2 protein chains.
Amino acid sequence: MNNGRFPISMHILTLLASADGELLSSDYIAGSININPVLVRKEISNLRNHGLIESKEGKNGGATLAKPAEKIQLSEVFHAVQQASLLGNSKNEPNPDCPVGKQIKQRLDHLYLEIESALLHKLEKMSLADFLRQFQQ
Amino acid sequence: MNNGRFPISMHILTLLASADGELLSSDYIAGSININPVLVRKEISNLRNHGLIESKEGKNGGATLAKPAEKIQLSEVFHAVQQASLLGNSKNEPNPDCPVGKQIKQRLDHLYLEIESALLHKLEKMSLADFLRQFQQ
DNA sequence: TGTACTGTAATAAAAGGAATTACAGAATGA
DNA sequence: TCATTCTGTAATTCCTTTTATTACAGTACA
């Protein structure tokens, strides 16, 4: 996970959770995160596709949570933004004539599965509501 | 962890573990990983700084493990290559005038610490020898 | 003393991420 | 109805990060 998508999604969701049902515009959200509104809309689009957010077009439109913050697990956020494996992959194909090179990808994939399952197990136990609760008034 | 450093380091260490004390050159290693030898030497330099590898200059030089594969925990490899946080950071400073923006960094840092400790706990239980054992002859 | 290595710096090329521009389409409400 | 204010999305440019390459000094060996 090379980029800032997880923190950005967390920021969006935290804002929505604290807005308590009120629709927030991408411009407003972008102002809090300090990034471009188009990037916010892209992330919202992604989170919507994963069932975490609902949004409304047109005047007075914006985004809101699709379900209560208590029911949003951080593992869902992780799943929504994850694209690459956690610990990275070598870009090139290893040498198939080398006994190690031949198998390393498969072995690393297996290792990554184990690691990710440990991580997911942890994230499943945390809800967006838990996360929001840590914020001081 | 955006890049391929973890898999590359794992590949290097696996080759050295399977070489059983014999010195391997950066060219040979690069040929197995299929990357540039200079990048291999850089990773070796890093792994050496972390006490996982020893290397010898000059003719017939190369690298070898600094200790038995049984004593190399995968958490050590992780520490050696980790530079950024696991789930990424937003590049820009969030808006300090927003109650969420003001605190989000700190809250995410805290979350990341929890997550990483779960991951490290898992990696501590795995040795390089364990990893190598999975390779079929 | 030539050869085969490492170590490292500097630079270039490639890839990926983020910002920006642009604009169509939807909802609102005056 | 129609200007306004939003979303959704594509296309492009800009910037940063990764990776590859080039170059060369230094080391060890035989």
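With respect to residue A:116, determine if the residue is facing chain B (nearest Cβ under 10 Å), in a loop (DSSP other than H, G, I, E, B) and among the charged types (D, E, K, R). Criteria not met by residue A:116. Residues of region B:43-95 that are in contact with a Gly (Cβ under 8 Å, 6 or more places away or on another chain), within 30 Å of residue A:40 (Cα to Cα) and within 13 Å of DNA strand D (Cβ to nearest atom): B:88, B:89, B:90, B:91.
The residue pairs whose first member lies in region A:67-78 and is closer than 17 Å to residue A:117 by Cβ and free of Cβ contacts under 8 Å to residues at least 24 places away in the same chain, whose second member is among the aromatic types (Phe, Trp, Tyr) and open to solvent by 70 Å² or more (accessible area, probe 1.4 Å), and whose beta carbons are closer than 6 Å, counting only pairs six or more residues apart or on different chains, do not exist in this structure.
The set of residues from region A:100-137 being among the polar types (S, T, N, Q) and more than 17 Å from residue A:76 (Cβ to Cβ) comprises A:103, A:106, A:134, A:136, A:137. Sort out which residues of region A:88-107 are at the interface with another protein chain (Cβ under 7 Å from one of its Cβ atoms) and either over 22 Å from residue B:20 (Cβ atoms) or among the β-branched types (Val, Ile, Thr) (or both), and write them in order of number. Those that are at the interface with another protein chain (Cβ under 7 Å from one of its Cβ atoms) and either over 22 Å from residue B:20 (Cβ atoms) or among the β-branched types (Val, Ile, Thr) (or both): A:88, A:89, A:90, A:91, A:92, A:93, A:100, A:104. What single numbered condition from (1) under 16 Å from the mean Cα position of the chain (by Cα); (2) modelled with pLDDT of 95 or more; (3) more than 10 Å from every other protein chain (Cβ to nearest Cβ) fails to hold for residue A:83? With (1) under 16 Å from the mean Cα position of the chain (by Cα); (2) modelled with pLDDT of 95 or more; (3) more than 10 Å from every other protein chain (Cβ to nearest Cβ) applied to residue A:83, the lone miss is (2). Among the residues here, residue A:123 qualifies as assigned to a helix (DSSP H, G or I), in contact with a Phe, Trp or Tyr (Cβ under 7 Å, 6 or more places away or on another chain) and touching a residue at least 24 places away in the same chain (Cβ under 8 Å).
The values are calculated or read from the model by the stated rules, or taken from the named source; none is laboratory data. Computed from a prediction, not measured in an experiment: that's the story for all the values here. Every residue, glycine as well, gets a Cβ built from its backbone with ideal geometry; the counts of neighbours run over all protein chains shown. With ligands, DNA and RNA removed, areas are computed over all heavy atoms of the protein, side chains included. Shrake-Rupley method; radii C 1.70, N 1.55, O 1.52, S 1.80 Å.
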